[in-house]
Amino acid sequence: MFPLRQVIATVRYTTPAFRSMSASTGPLIDLAVDNDGIATLTMQRPPVNSLNLELLDALGKALDDVSKNKSRGVVLTSSSPTVFSAGLDIMEMYKPDIKRVETFWTTLQEVWLKLFGSNYPTAAAINGHAPAGGCLLSMSCEYRAMVTGKYNIGLNETALGIVAPKWFMDTMCNTISKREAEYALTTARMFNTDEALKVGLIDVLATDKADAVDKCKKFIKKFDKISPIARALTKQKIRAEPLTWLIKNRKQDTDEFLTFVQNPKVQQSLELYIQALKQKSAK
């Protein structure tokens, strides 16, 4: 599931300037509900919203709050001016505490199950780069508005020699055509905003974050005259296969991930990758 090799050859290609390690300051999530009952969930782990255990845990709890409060829907976005989310925090996988990294992975699974299988409408206001896990969160929503600019989105795991988990792949196949997904996944393709719109990876372009959030809220309001139960059941039936697969195979998926992170070659490659990130940040 997670073979990792040839990182030395690819690290220069896969280390954009925004992919530095995040540091957390203050609340990791801001959850606000407007007068129309639509929740906006803002990730705020500067500088790039790397998904560590604490941020994922906060995301999961915020999604629970949205469900308990019976909000009309949720818009997922970022406090960063240029990055939606840079994806999984590699420091969670480098020289890991096994109990923590297991919790990290099962929490990621739980967040995906809650977001991808939610009974309320979901939309992503993508206000910057969204590689890897950032792309996963975006695709887990039902609607995506992305700010125009020199931003990229995609699942680029194979560029690091990593095979994305099946449920990552399923999420992409649920979003774009299977042929487009296969090509993107095997080539580690990162889509610019125009390319993402063309293939359906995003639904609409926005001029800025406020415009993206507004477009997402308008999408959610489209369901005002639709039965909430009928809408939710329809969505969950369409998404049933990938949801059921992960629910039935969570332990297997977790065990494979734990085997991956404990592989000495993987740890060596992660160390090289982290060193490259530090060198790039120092320039």
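Observations on the structure shown:
- Test for SER20: is it outside any loop (DSSP other than H, G, I, E, B), surrounded by fewer than 20 Cβ atoms within 10 Å (Cβ to Cβ) and modelled with pLDDT under 95: no
- Any hit, region 147-156, residues being more than 13 Å from the chain's Cα centre (by Cα), within 24 Å of ARG231 (Cα to Cα) and assigned to a strand (DSSP E or B): no
- The residues of region 51-76 that are small (Gly, Ala, Ser) and either in contact with a helix residue (DSSP H, G or I) (Cβ under 6 Å, 6 or more places away or on another chain) or at pLDDT below 95 (or both), listed by number, are GLY60, SER67, SER71, GLY73.
- Among (1) aliphatic (A, V, I, L, M); (2) under 16 Å from LEU56 (Cα atoms); (3) not in a loop (DSSP other than H, G, I, E, B), the one test that ALA86 misses: (3)
- Odd one out for ALA164, checked against (1) free of Cβ contacts under 8 Å to residues at least 60 places away in the same chain; (2) in a helix (DSSP H, G or I): (2)
- So ASN127, is it closer than 23 Å to GLN267 by Cβ and either buried (at least 24 other Cβ atoms within 10 Å of the Cβ) or touching a strand residue (DSSP E or B) at 6+ places or on another chain (Cβ under 6 Å) (or both): no
- Here THR244 does not fit the description of being touching a Phe, Trp or Tyr at 6+ places or on another chain (Cβ under 6 Å) and either under 22 Å from MET93 (Cα atoms) or not aromatic (Phe, Trp, Tyr) (or both).
- Qualifying positions in region 208-232 - under 23 Å from THR77 (Cβ atoms) and either in contact with a strand residue (DSSP E or B) (Cβ under 7 Å, 6 or more places away or on another chain) or hydroxyl-bearing (Ser, Thr, Tyr) (or both): ASP208, LYS209, ALA212, VAL213, LYS215, CYS216, LYS217, PHE219, ILE220
- Residue selected from region 233-249 under the condition under 29 Å from ASP97 (Cβ atoms) and open to solvent by less than 60 Å² (accessible area, probe 1.4 Å), by the criterion farthest from the chain's Cα centre (by Cα): ASN249
- Qualifying residue in region 51-71 (condition: closer than 18 Å to LEU155 by Cα, open to solvent by 10 Å² or more (accessible area, probe 1.4 Å), in a helix (DSSP H, G or I) and not charged (D, E, K, R)): no
- Restricted to region 188-215, and to residues there that are in a helix (DSSP H, G or I) and either touching a Leu at 6+ places or on another chain (Cβ under 7 Å) or modelled with pLDDT under 95 (or both), the residue that is most open to solvent (accessible area, probe 1.4 Å) is LEU197.
- Which listed residue, of ALA132, ALA123, is among the small types (Gly, Ala, Ser) and over 25 Å from ASN249 (Cα atoms): ALA123
The values are calculated or read from the model by the stated rules, or taken from the named source; none is laboratory data. Note that this is a predicted model, so its numbers are computed, not measured. For neighbour counting, all protein chains shown are included, and Cβ atoms are generated from backbone atoms with ideal geometry for every residue, glycine included. Side chains are part of the model used for accessible areas, which takes the heavy atoms of the whole protein and leaves out ligands, DNA and RNA. Shrake-Rupley method; radii C 1.70, N 1.55, O 1.52, S 1.80 Å.
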